Amino acid sequence: MTRLWPRHVRSRMTLWYVLVLGFLLLAYAGGASLYLFYSLREQLDHDLSEDVERVEGLLENTPDGMVALDSVHHGEDEANMQRFVEVWSAEGILLYRSPTLAGGTLGGPPRSSAEGNSQRSPSTVRLADGTRVRMATSIHTVDGRRVFLRVAHSEQGLWQELEEFGSVLLVALPLALVLAGFGGFALARKALAPIDVMAHKAERISAERLNERLPIENPEDELGHLARAFNATLARLEAAFDQLRRFTADASHELRTPLTAIRSVGEVALQAPKSATEYRDVIGSMLEETDRLTRLVDSLLTLSRADAGHIQVQRTDISLLGLAQEASSLVEVLAEEKQQRISVEGDPTLIVSGDRLILRQALVNLIDNAIKYSPAEAEILVRVAAGKDSQLIVEVVDQGPGVRQEHQSRIFDRFYRVDSARSREWGGAGLGLAIARWAVEIHGGQITLQSVEGQGSTFRVALPSTTTPEKNGREEAST
């Protein structure tokens with residue numbers, strides 16, 4: 001059965017189109033045949049009713065006690081109209097029978113006079129030779145004598161017209177289906193032609209040619225929507241590949257720098273014998289580069305696990321001000337080395353639902369970044385406050401050189417540094433802000449930068465609040 005089913009969409013569409021059209025045409029043919037049948041029979045019943053009245057006017061008694069039709073042309077009328085007439089007396093005696101019956105009968109003697117009421121409801125009966133006739137009955141009085149009259153017309157003409165109509169349908173329906181099949185196939189082929197073009201174009205797209213896009217003939221129809229969605233996917237893939245290439249190149253470069261430094265220090269130390277103090281200095285330098293390499297690998301591992309979705313967020317209710325104070329204490333030693341002061345202020349009642357370790361790492365990275373770029377003896381402000389739309393805000397304000405406008409849109413990109421030389425001097429690899437953005441966004445928040453060159457920077461973190469005003473109102477009411 002599967003082998004018989006068409007493989008191509010255009011063939012399946014044509015087949016379904018022909019099947020549905022065939023079903024509709026058959027239903028139409030059946031309905032038209034029924035309508036024609038009932039119309040012809042209604043006309044036959046009307047003619048039969050009028051003929052009953054005509055026959056009643058022609059009936060007359062004969063000297064031998066029988067009944068005859070007083071018409072010169074009644075024999076010719078019966079032959080032309082295929083009329084069948086029977087007249088019975090109230091006692092069940094046959095008074096008249098049409099020659100067209102050829103010795104047959106329309107039903108024999110009446111069982112009761114009530115049968116005459118069927119005059120208004122003609123019925124179909126079959127004669128002895130198999131002829132189908134439409135018959136009406138009537139009780140009539142001929143010169144004071146009550147008789148039972150049956151008049152019937154042959155249905156041969158009705159069925160002959162139906163057969164002719166059926167013969168026309170038998171020829172027209174298959175022809176219409178064949179023509180519809182060819183037309184449907186041509187229409188389906190034309191409608192699906194843009195898909196073939198898109199398929200051939202998509203087959204040529206590879207990782208090295210992600211900049212190519214599918215053609216769009218009509219952006220408003222379904223195929224245009226499909227092409228636009230596919231092109232948008234290609235654009236995202238191209239951006240992801242570019243980011244992956246940059247990430248790989250930057251990671252390789254950042255890893256090479258401490259490894260080269262370790263190797264160089266080691267080779268220099270081995271060139272000539274040195275004292276224990278000198279070897280201690282060499283080992284210290286190598287450990288510093290190793291520590292820098294370890295921090296870089298840890299950052300890369302964090303981002304890699306974050307991209308893969310392997311880091312599970314363990315949510316708990318956290319005091320946002322307490323979290324800011326905890327993050328500040330972890331980098332306070334770095335601030336003291338530059339004689340800087342970290343001030344933390346805000347509302348201690350503000351609660352956020354999140355992972356303490358992940359959010360703390362984000363704040364540590366922001367404060368560490370502020371320490372690096374702020375001058376000696378500067379003040380770094382960490383401010384916690386309630387924002388609009390049930391958001392909680394954490395701002396880290398520094399007194400650094402600020403960030404120029406052209407760098408602000410990429411400041412959170414991985415390995416992106418405004419001043420590469422100064423960043424490497426301070427041990428930065430350009431991953432701290434990227435990790436901070438991931439940590440905030442995974443909690444449903446948003447991190448932004450407000451900075452003016454020469455006037456410092458403000459990193460603003462907006463997190464959804466644990467308690468909403470409605471919830472606070474219910475808690476106060478219950479209290």
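The values are calculated or read from the model by the stated rules, or taken from the named source; none is laboratory data. Keep in mind that this is a model prediction, so the values were computed, not measured. All Cβ positions, glycine included, derive from the backbone under ideal geometry; neighbour counts span all protein chains shown. Heads up: the accessible areas ignore ligands, DNA and RNA and are worked out on the full protein's heavy atoms, side chains in. Shrake-Rupley method; radii C 1.70, N 1.55, O 1.52, S 1.80 Å.
Things to note:
- The lone criterion from (1) touching a Leu at 6+ places or on another chain (Cβ under 6 Å); (2) open to solvent by less than 70 Å² (accessible area, probe 1.4 Å) left unmet by ALA202 is number (1).
- Picking from residues in the range 357-386 that are surrounded by 14 or more Cβ atoms within 10 Å (Cβ to Cβ) and of a type in the set (Gly, Ala, Ser), the one that is nearest to ILE447 (Cα to Cα) is ALA362.
- Pick from the range 166-203, criterion among the aliphatic types (A, V, I, L, M) and in contact with a Phe, Trp or Tyr (Cβ under 8 Å, 6 or more places away or on another chain), ranking: farthest from THR14 (Cα to Cα): ALA202
- Residue count for the range 135-166, restricted to those that are surrounded by 14 or more Cβ atoms within 10 Å (Cβ to Cβ) and within 18 Å of ARG54 (Cβ to Cβ): 15
- All positions within the range 184-199 that are within 20 Å of LEU237 (Cβ to Cβ) and loosely packed, with under 15 Cβ neighbours inside 10 Å: ALA199
- Output for the range 205-216, where each listed residue is within 15 Å of ARG236 (Cβ to Cβ), assigned to a loop (DSSP other than H, G, I, E, B) and open to solvent by less than 60 Å² (accessible area, probe 1.4 Å): ILE205, LEU210, GLU212, LEU214
Yes or no, residue by residue, for (1) out of contact with any Lys or Arg (no Cβ under 8 Å at 6 or more places or on another chain); (2) within 22 Å of ARG410 (Cα to Cα); (3) not in a helix (DSSP H, G or I):
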residue: ALA240; (1), (2), (3): yes, yes, no
residue: LEU244; (1), (2), (3): yes, yes, no
residue: ALA249; (1), (2), (3): yes, yes, no
residue: ILE262; (1), (2), (3): yes, no, no
residue: ALA269; (1), (2), (3): yes, no, no
residue: LYS274; (1), (2), (3): yes, no, yes
residue: THR277; (1), (2), (3): yes, no, no
